[in-house]
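The values are calculated or read from the model by the stated rules, or taken from the named source; none is laboratory data. Bear in mind that the values here come from a model prediction, so they are computed numbers and not experimental data. Cβ atoms come from the backbone with ideal geometry, glycine included; neighbour counts cover every protein chain shown.
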Amino acid sequence: MNNYYLKDLKEFKCEKFELALNVEESRISSKELRSYLLQFEKLVDSINQTLNDYNDLGYDAISIDVVALEQGSFKIPLIFKKYFNSKNYEKIIKITENSTAAIVIGHIIISLLTGKPYSDVEMNYDAPRTLEETFLRDSKTAKAVKKIAELAIYNDSIHDLSITYEGNEGEQKITISKESLHKTKDAMDEVILFNESPHHLNHVYLKIISPARKYDNDDLWTFRFHGKLIDAIMYDHGFQRDFDYGRIYLKKGDKIMVDMIVEGHGRHKIYNIIKVYYR
């Protein structure tokens, strides 16, 4: 995180997060240690980006500090330092001054590594709540989780991982076995394959931001979908014709139910609407 950028932000809260590598020998390679730190940085960044995509639930920035390691210990104590700009800082202080509620990054990481549901993240009323429908829609998140699991799985000297983190109810600790990490890795492989392959989404709701406009002879619409703005090409020509001739009236903010095909991955996804349910 660029320190020049952080100087214009206000620090909100620090969140403690400790990863313990339970090893047979009192050593680990510097390359592996760097890999753990790199993957956690990638994971926290992608989690925060997803939170910001859902009605600005995330932070304006998160930096990670590594606390001094104890001699002979392979605990990796981290501090997630969370920042807001001045406007958002004043708003969040008012919201949380009589409450302990806050987005707990550590809780989300535990959910991603174990597949267990999370409850600390309060989405808006129509937002999806499963990991697959939120954080794992971004392959960067899935790839970071997979890499963290693999680093433990393929090191014979590591028995399991222990993580101590701060929840809204105080400090919590969990141990994740290699068997569980194998399941996590396999699940992330499936998520990455799904995200990066063309797939159908049926009967999903899209909120209209901008009705049709011509782009390279295609009818391009802009919607809000799962908290993100997307551009989608309309291939339901019957619907488009009825809209063009005024037989259907739709405006910004209206919702439509569609079937669509999603191609690509990450920020390069292409959305093709093949059917609109409007009659």
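Within segment 142-175, count every residue that is in a strand (DSSP E or B) and either hydrophobic (A, V, I, L, M, F, W, C) or more than 22 Å from Ile28 (Cα to Cα) (or both).
From segment 142-175, those in a strand (DSSP E or B) are 158-167, 170-175; that's our starting set.
Now restrict to residues that are either hydrophobic (A, V, I, L, M, F, W, C) or more than 22 Å from Ile28 (Cα to Cα) (or both): 158, 161, 163, 165-167, 170-174.
The qualifying residues number 11.
If only one of Thr222, Thr164, Thr175 is in contact with a Pro (Cβ under 9 Å, 6 or more places away or on another chain), among the β-branched types (Val, Ile, Thr) and in the same structural domain as Ser46 (by TED's automatic domain parsing), which one is it? Talk me through it step by step, then tell me what you get.
Working: Thr222 fails: in the same structural domain as Ser46 (by TED's automatic domain parsing); Thr175 fails: in contact with a Pro (Cβ under 9 Å, 6 or more places away or on another chain).
Of Thr222, Thr164, Thr175, the one residue that is in contact with a Pro (Cβ under 9 Å, 6 or more places away or on another chain), among the β-branched types (Val, Ile, Thr) and in the same structural domain as Ser46 (by TED's automatic domain parsing) is Thr164.
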